[in-house]
Amino acid sequence: MKGCFPLSSFNSLRTPFYYYDLDVLRSTLDLLRKEADRNEMEVHYAVKANANPRILDIIRAYGFGADCVSGGELQAAFEAGFPASGLVFAGVGKADWEIDLGLEGNIFCFNVESVPELEVIDQRAGAMGKKAGVALRINPNVQADTHHYITTGVNDSKFGISLQSLDEVLDICLKLPHIELIGLHFHIGSQITEMDNFAGLCARVNEIQNLLDRRRLFVQHINLGGGLGVDYHHPDQVPVPDFADYMQTLRRMLVLRPGQSLHIEPGRSVVAQCGSLISKVLYIKKGLQNEFVILDAGMTELIRPALYQAYHKIENISSEELEQKYDVVGPICESSDCFGKQVVLNKTRREDLIAIRSTGAYGETMASNYNLRPKAPAVFSDDLRS
């Protein structure tokens, strides 16, 4: 089953471009809002998934906060109108100017990953006469069933504070005069579809909370990060993730203390399925064994297949002829610039339009100008209807 695209409108547009179906985005946000309210969770959208200003504006209008991992993302969140009270700032390497930006903006929380970072935030906050709210990001040593590049919660990861050093870090944190410990933060990885992974995280968080109980410490906020995956193989059959199962798993498995709030940071699951990369066929090239479809989009527009060997569904939206197999590649001067091998497409010709699906997350936001290629524009479904 192919996606539904306004082909007549596409034919007049220069390719490549990112196409955003805002009906899909709003349907996703409707369900996310409903389930967050039902399960009493605070949602901070992970800006790194897609920072397009129009996308951010729509997400902000639903009353969600934002999870930022750089000063640039913080600035984008401010400009999109996200309230400071809903902004969290994560990341293993926050520069001084980025910390200052968060402090000046009075953001809700810094998710802190090391003692040196705690000390720098304390110093910067002291210089401003402020107290910074922080959550300690704990590395729970929980394995996630996902690609090793996007697994973040195991012992050999650069992220977070190890369980072995938690007591020492707590001792230091509580002595810093311009730090207020308000929460614990966790994130075990991305593109996770098995709820057992999240259940394992909750079990570890329960153990850590017991440790805090023994120290007679209470934190107001528990942040379990993001990581919920999407169905890259069936973007039309499963356009909206099962937020209900995800949130109910967290609620069922996590033992919160009275007065604690639960926070999550979804990104991919919010925006992936609303986006497609639309490209035009430049050439059909016959190799000795394979037939190549050469597109005008490449790894500069979508790096996930080259970086993670990630799968994206690829469709020829111009053709209804019989199917055959092609290697679908881009124009970049790198052998890794390949979107898929032996991809089944309707018979494909020069100037056909190709849709690479589920690119609303980590498509536009990871684009580059390698080979001095210009950035591809964004096109929105609402504009094509007007």
Q) Looking at region 161-179, which of the residues that are outside any helix (DSSP H, G or I) and crowded, with 16+ Cβ neighbours inside 10 Å is modelled with the lowest pLDDT? A) I161
Q) Is it true that some residue in region 31-42 is assigned to a loop (DSSP other than H, G, I, E, B), on the phi > 0 side of the Ramachandran plot, among the charged types (D, E, K, R) and in contact (Cβ under 8 Å) with a residue 40 or more places away in the chain? A) yes
(Q) Checking the structure you have, find out if any residue of region 78-87 is closer than 30 Å to S318 by Cβ and surrounded by fewer than 19 Cβ atoms within 10 Å (Cβ to Cβ). (A) no
Q. How many residues are touching a residue at least 40 places away in the same chain (Cβ under 8 Å), out of contact with any Cys (no Cβ under 7 Å at 6 or more places or on another chain) and under 27 Å from L254 (Cβ atoms) when one looks only at region 43-67?
A. 9
Q. Out of (1) among the small types (G, A, S); (2) under 23 Å from L136 (Cα atoms); (3) in contact with a helix residue (DSSP H, G or I) (Cβ under 7 Å, 6 or more places away or on another chain), what's the single condition that is false for A76?
A. (2)
Q. Tally time: how many residues in region 191-236 are part of a loop (DSSP other than H, G, I, E, B) and out of contact with any strand residue (DSSP E or B) (no Cβ under 6 Å at 6 or more places or on another chain)?
A. 15
Q | Breaking point among (1) at pLDDT 95 or above; (2) surrounded by fewer than 20 Cβ atoms within 10 Å (Cβ to Cβ); (3) at negative phi, for N111 | A | (2)
Q) Has region 187-207 got any residue that is modelled with pLDDT of 95 or more and polar (S, T, N, Q)? A) yes
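The values are calculated or read from the model by the stated rules, or taken from the named source; none is laboratory data. Model, not experiment: these values are computed from the prediction. Glycine also receives a Cβ, built like all others from the backbone with ideal geometry; neighbour counts cover every protein chain displayed.
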